[in-house]
Amino acid sequence: MLAPLAALSLCIAAYAGDADRERILAHGPWPPKVSSSNREAIALGERLFFDPALSGTGSILCATCHIPYKSFQDGRPHAFGLDEVDRNTPTLVNVAFYRRFGWDGARDSLARQSIRPLLEPREMRSSPAHVAAAARKFGLHGSDDAVLAEVGKALAAFQETLVSGRTPFDDFRDALEANRTTRYPEAAQRGLRSFIAECSACHAGAQFSNSAVVDGFRVPGLRNVALTAPYMHDGHVATLEEAAAHTGSKAAQDLAAFLRTLTETSHLQ
């Protein structure tokens, strides 16, 4: 065991004084502290998220596209509610840390973003009056527009609880900060170097996104990215390896190896 341990020590030591060290450390720590929302709002939001009565036909729920066991997306190139749309369904995991919402980043409030699919004809095809009527059974009061706004806030409160767990990268990052040994694949280390050089300006911070809108689309976060294929706003990239190659990186395989280490550990067991 001495040789592997020595190699691990050298691995961490190689980053001492390295220009990349601080840039790597900037992608953490994880998970961040989340301010606690009202428990009643979270519980209401969860009930609403799984309630088909919010849709105009009574047949579609938020979880139709944002499926819990698929990392709160659907695995399809294009979302399909009551009809197919032209955008890929983004994961809701870690949405609490976004500053802009929707693929186009058009909204700066998760509550307002949560209302949009309810009213979109191809998605849930509802109306303020219909949503309000369905939500009043949960004790909400006021005008249709006021109840609709409360529905958005409750849905947002629930979604803000969807935070991914720690990953192999987080263990490596924290070991680097503490100058202690840890196990981290060599391919992932090479991919991390490429990522820092080529990708981290936009995929920044602990969430791996600066929330900026680039070429018309919001920069997505990358945590659990290996679980959320297909990729890009229109779902035209099928695999993580293809997505890494799509960046134009000459080290696409290593880059994909690094991206896989952003998967929370519970999904790797």
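The values are calculated or read from the model by the stated rules, or taken from the named source; none is laboratory data. This is a predicted model, so every value here is computed, not measured. When we count neighbours, we look across all protein chains shown, and the Cβ atoms used for this are built from the backbone with ideal geometry, even at glycine. Just so you know, the surface numbers come from the protein's heavy atoms only, side chains and all, with ligands and any DNA or RNA stripped out. Shrake-Rupley method; radii C 1.70, N 1.55, O 1.52, S 1.80 Å.
List of remarks:
- Restricting the first member to segment 28-55 and to residues that are under 26 Å from Ala204 (Cβ atoms), and the second to residues that are of a type in the set (A, V, I, L, M, F, W, C) and in a loop (DSSP other than H, G, I, E, B), the beta-carbon pairs closer than 7 Å and six or more apart or on different chains are Gly28/Ala206; Pro29/Ala206; Trp30/Ala206; Pro31/Val163; Pro32/Ala206; Val34/Val163.
- The residue of segment 35-86 that is surrounded by the fewest Cβ atoms within 10 Å (Cβ to Cβ), among those that are assigned to a helix (DSSP H, G or I) and touching a Gly at 6+ places or on another chain (Cβ under 7 Å), is Pro52.
- Among the conditions (1) under 28 Å from Arg107 (Cα atoms); (2) open to solvent by less than 40 Å² (accessible area, probe 1.4 Å); (3) not hydroxyl-bearing (Ser, Thr, Tyr), the only one that Ala251 does not satisfy is (1).
- Helices (runs of 4 or more DSSP H) fully within segment 167-269 counting 3 or more residues that are closer than 18 Å to Leu92 by Cα: none
- When Arg166, Arg173, Arg180 are checked against the criterion of being modelled with pLDDT of 95 or more and either over 22 Å from Leu227 (Cβ atoms) or surrounded by 20 or more Cβ atoms within 10 Å (Cβ to Cβ) (or both), a single residue qualifies: Arg173.
- Of the candidates Ala146, Ala201, Ala154, Ala187, the single residue that is open to solvent by 60 Å² or more (accessible area, probe 1.4 Å) and out of contact with any His (no Cβ under 9 Å at 6 or more places or on another chain) is Ala201.
- Thr89 passes every criterion in (1) outside any loop (DSSP other than H, G, I, E, B); (2) in contact with a strand residue (DSSP E or B) (Cβ under 7 Å, 6 or more places away or on another chain) apart from (1).
- Flag for Leu140 being assigned to a helix (DSSP H, G or I) and either of a type in the set (S, T, N, Q) or surrounded by 16 or more Cβ atoms within 10 Å (Cβ to Cβ) (or both): no
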